[in-house]
Structures are given as structure tokens and as C-alpha cells.
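Below is one structure, written out as C-alpha cells; the observations come after it.
Every number in this text was worked out from the coordinates using simple rules, so none of it is lab data. Everything quoted here is computed from the prediction, not taken from an experiment. Reconstructed Cβ throughout: ideal geometry from the backbone, glycine too, with neighbour counts over all protein chains shown.
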Amino acid sequence: MVNASTAGADIFVDGSSKGKAPFLLQKLAAEKVLVVEARSADLSARVEPSLKPGELREISLELKKSLGNLFIDSPEKTLAVLIDGLDKGTLGNGIFRDLAAGNHVSSSGERTSTSPRPSA
């Protein structure tokens with residue numbers, strides 16, 4: 001059984017959508033490490049449980065705000081950068097950390113996106 005702190009969160013096992021929380025996982029290969037994730041809006045959680053043959057387990061996931069990193073590549077390192085209208089300083093090395101995962105608008109007006117980092 002997979003429970004999530006946000007009822008109705010989408011449940012994924014090894015990257016495949018399985019349904020909404022709470023969700024009963026059945027007929028899983030034993031002694032296989034799985035990646036179980038729950039996602040809802042900008043919240044997510046991830047765990048990698050290992051199951052033994054015939055083992056029944058309840059997995060509870062506490063969803064937290066998903067953060068990601070954004071990389072912008074340009075030869076102009078002193079370029080002023082705005083992300084979603086907020087001043088992020090100059091481009092520098094082009095890495096902007098701890099942004100909300102999802103879609104963003106850069107200073108050039110281009111749509112960009114960040115993917116969630118795996119949660120610990």
C-alpha cells in the first residue's frame with residue numbers, strides 16, 4: 001500500500017504511472033529495488049524500498065515542495081537574468097539552483113523549465 005500526505009497524489013513505480021494515492025501495489029517482483037514516487041502539483045516524494053518474497057509493506061510518502069536547477073548557456077556571462085520577473089543577478093556560470101520545479105519565463109521571454117531533483 002502506498003500512502004501520500006496529499007490524498008490523490010499521482011503514484012509512479014519505476015517511472016510508470018500507477019494511479020492515485022492511496023494505492024495498493026500488487027504483483028511486484030520480489031527482491032527488486034523499486035523507485036516509488038508520489039507527485040501533486042509542485043510537491044513530490046520518492047523512496048527506493050527493497051522487498052523480500054511475500055513481504056507486505058505500507059509505504060508512506062511525505063510530499064514536499066519540489067525544487068530543481070536551471071542552466072542557461074550564453075557567451076555573455078555578464079547578462080542580467082530575470083526568472084519569472086525576479087532579478088537573479090548576472091548569468092555567471094549559468095546555474096540557478098533551488099527554483100520551484102516546473103515552467104518558468106526567462107529575461108529573454110523564453111519559456112524554460114526545471115525538473116525536480118530526486119528527494120533524499
Given a Förster distance of 41 angstrom, what is the FRET efficiency for Leu24 paired with Thr78, based on the Cβ-Cβ distance and rounded to 0.05?
0.15
For Leu67, distant residues with modelled amide H under 5 Å away
Ala101, Arg117
Counting only residues 5 or more places away or on other chains, whose amide H sits under 5 Å from the amide H of Gly19 once H atoms are built in the peptide plane?
Ile11
Once phi is turned into ³J(HN,Hα) by the Karplus curve 6.51 cos²θ - 1.76 cosθ + 1.60 with θ = phi - 60°, what whole-Hz value does each residue of region 79-86 show in order, with x for glycine and proline?
4, 6, 10, 10, 10, 6, x, 9
Sequence-distant or interchain residues sharing an amide H contact under 5 Å with Ser107, placed H: which?
Leu82
Compare the Cα positions of Asn69, Leu79, Ser40 along the charge dipole of the chain (+1 at Cβ of Lys, Arg; -1 at Cβ of Asp, Glu; about the Cα centre) and return the one farthest towards the positive end.
Ser40
Check cross-link reach from Lys27 to the lysines: straight Cα distance under 29 Å, and skip same-chain residues fewer than eight apart.
Lys18, Lys52, Lys64
Would you kindly calculate the mean projected area, averaged across all directions, of the convex hull enclosing the Cα atoms of region 48-92, in square nanometres?
6.0 nm²
So what does the Cα-only Debye profile of region 67-114 read at q = 0.20, 0.24, 0.26 Å⁻¹, as log10 I(q)/I(0), no solvent term?
-0.58, -0.85, -1.01
Between Phe71 and Leu51, what length comes free when the chain is fully extended (0.36 nm per residue of separation minus the Cα-Cα distance, one decimal in nm)?
3.5 nm
Using the Cα centre of the chain as the reference point, and only Cβ charges (+1 on K/R, -1 on D/E), how large is the resulting charge dipole? Debye, rounded to the nearest 20.
280 debye
Computed Rg/Rh of the chain, alpha carbon atoms with Kirkwood Rh:
1.14
Only four residue types carry charge here, +1 at the Cβ of Lys and Arg and -1 at the Cβ of Asp and Glu. Report the dipole size of region 19-70 about the Cα centre in Debye, rounded to the nearest 20.
100 debye
In region 2-65, if every C-alpha pair distance is counted and binned at 5 Å from zero, what percent goes to each bin?
4, 19, 32, 25, 12, 6, 1
